[in-house]
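Read-outs throughout are calculated quantities, based only on the coordinates presented, and are distinct from any laboratory measurement. Note that the structure is predicted; figures quoted are calculated from it, not measured. Heads up, the Cβs are rebuilt from the backbone with ideal geometry, glycines too, and the neighbour counts pull from every protein chain shown.
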Amino acid sequence: MEKQVWLQSLTSEEVKQKTRESRGTIILPIGSTEQHGPHLPVGTDTMVAMVLAEAAAQKAKVVVAPPLWFGWSPHHMVLPGTITIRPEVLVEVVYDVVKSLHQHGFDNFVFLNGHRIVNISWLQIAGERAKRELGVKVVIFDPAYMSKEISQSLGWGEVGHAEEIEGSHMWYCYPELVKMELAKDNPHKHRKLYHVDPRYTGDTLCYVPSSPAEQEELVRISGGASGEPSKASREGGKKYHEHLVERLVEVIEALRE
C-alpha cells in the first residue's frame with residue numbers, strides 16, 4: 001500500500017501539506033464486508049474501492065481517507081462473514097467523516113463506492129446534507145455506472161454479484177485472494193421490466209435488494225454468486241481497472257476546477 005496517499009499514514013503536519021497540495025481534495029473509499037461466493041473474499045467491495053482510490057490518488061496528487069469497511073448488506077446475511085449496518089448509521093458516519101475533514105481544510109470529496117449500486121441512496125443523502133450544511137463539493141463515483149463504456153466490450157454480462165466483473169477486477173488486483181477454481185456460474189434470469197445493470201437501456205423498475213429466501217436460493221445454486229464468473233480474466237480486469245482509474249482522475253480534476 002502506497003503510504004503517502006493514505007491519511008492514516010500521515011502525521012498531522014503532513015496532512016496540512018497534503019491538503020494544500022491536493023487543493024482540498026480527498027477520496028473516501030466506501031465498501032462493504034459481505035459474502036462474495038466461494039471464490040472471492042468478503043472484503044471485495046472495500047478492497048476494489050481502496051485499490052482504485054490509491055492508484056488515482058497517486059496520479060492526481062490527492063489524499064485518500066481511511067476506508068469504510070461496512071455498508072448496507074442485509075441481503076447477504078445468509079452467509080457468514082457478512083457485516084451489515086443500518087442505512088441511517090451509514091449516512092451519519094459518512095457525514096461525520098466529511099464534517100471532520102472539512103474542519104481541517106478539505107472541501108472537495110469523492111465518495112468512491114465499491115459496494116456497487118447498493119450504497120448509492122445513502123451516499124446521496126449524506127452527500128446532499130454535506131453540500132447543504134457544510135458548503136462542500138461532493139461527487140459519487142460508482143464502478144457500475146463509471147464502466148458502462150467498457151464492460152460490454154470485454155464480453156462480460158450484466159452486473160450481478162461476484163460475477164465476471166468483480167472476479168476479473170479482483171483477479172488482477174489481488175490474485176493471491178482469488179480462488180476462481182471454486183467459482184460457480186449462475187447466469188442472469190431476465191425478469192420483465194426489472195434490470196439492475198446501469199447499462200440497460202430499456203424500461204425497468206429500480207433496484208431492491210433480494211429477500212432472505214431469494215438469497216438462500218442463490219447460495220444453493222452458486223454459493224452466493226449471480227452472473228458468470230467463469231468469464232473472468234486477469235487481462236480483462238487490467239483493462240477495467242485502468243479505465244476506472246482514468247475516469248477517477250478525470251473526475252478529480254473536474255472537481256478541483
Hey, could you pull the Cα Rg and Dmax for region 119-196, both in Å?
16.7, 49
Select from V63, V78, I30 the residue farthest towards the positive end of the dipole of region 1-83; place +1 on Cβ of Lys and Arg, -1 on Cβ of Asp and Glu, and compute about the Cα centre.
V63
Using the basic label-point model (7 angstrom from Cα toward the beta carbon), what is the L177 to S121 distance in nanometres?
2.7 nm
Phi-derived 3J(HN,Hα) across region 15-32 with the Karplus relation (6.51, -1.76, 1.60, θ = phi - 60°), rounded Hz, x for Gly and Pro, is 5, 4, 5, 5, 4, 5, 4, 8, 6, x, 10, 9, 9, 10, x, 10, x, 6
For a quick check, take a GNM of the chain with Cα springs below 10 Å and name the residue from T84, T204, T19 with the largest mean-square fluctuation.
T204
Return the whole-Å distance between the Cα centroid of region 236-257 and the Cα centroid of region 42-86.
17 Å
Which ordering of S12, S210 is given by a fewest-first count of other beta-carbon atoms within 10 Å?
S12, S210
Apply the Debye scattering formula to the chain, with a single equal point scatterer on each alpha-carbon and no solvent, then give log10 I(q)/I(0) at q = 0.08, 0.12, 0.13, 0.16 Å⁻¹.
-0.30, -0.69, -0.81, -1.20
Rounded tilt (10° steps) of 234-256 against the dominant C-alpha axis of the chain:
30 degrees
Within the chain, which is the longest segment that contains none of the chymotrypsin sites (Phe, Trp or Tyr not before Pro) sitting in a DSSP loop with at most 16 other Cβ atoms within 10 Å?
1-199
Within region 138-160, the residues whose backbone N lies under 13 Å from a label point placed 7 Å from the Cα of Y200 along the Cα-to-Cβ direction are 158-160
Hey, what do the phi angles of region 139-151 turn into as Karplus ³J(HN,Hα) couplings, whole Hz, using 6.51/-1.76/1.60 and θ = phi - 60°, x for Gly and Pro?
10, 10, 9, 10, x, 5, 7, 8, 10, 4, 7, 10, 4
Looking only at lysines whose Cα falls under 29 Å of K189's and that sit 8 or more positions away or on another chain, we get K148, K179, K231, K238, K239
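Return the calculated 222 nm mean residue ellipticity for the chain, to the nearest 500 deg cm²/dmol, obtained by summing -39500 (n - 2.57) across DSSP H runs with n ≥ 4 and dividing by the residue count.
My calculation for the chain gives -13500 deg cm²/dmol from helical runs alone.
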Taking the chain as the reference, fit the longest principal axis to its C-alpha atoms, fit the long axis of helix 164-173 to the helix C-alpha atoms, and give the angle between the two in degrees, 0 to 90, nearest 10.
50 degrees
In nanometres, what is the gap between the two model label sites at R191 and R20, each 7 Å from Cα along Cα-to-Cβ?
5.4 nm
Can you work out ³J(HN,Hα) from phi for every residue in region 94-100, in order, using Karplus 6.51 cos²θ - 1.76 cosθ + 1.60 and θ = phi - 60°, giving whole Hz and x for Gly and Pro?
4, 4, 5, 4, 4, 4, 5
Could you pull out every residue, at least 5 positions away or on a different chain, whose amide H is within less than 5 Å of the one on T33? Hs are placed 1.01 Å off N in the peptide plane, and Pro or chain starts have none.
G71, I83
Counting only residues 5 or more places away or on other chains, whose amide H sits under 5 Å from the amide H of F141 once H atoms are built in the peptide plane?
F111, L112, N113
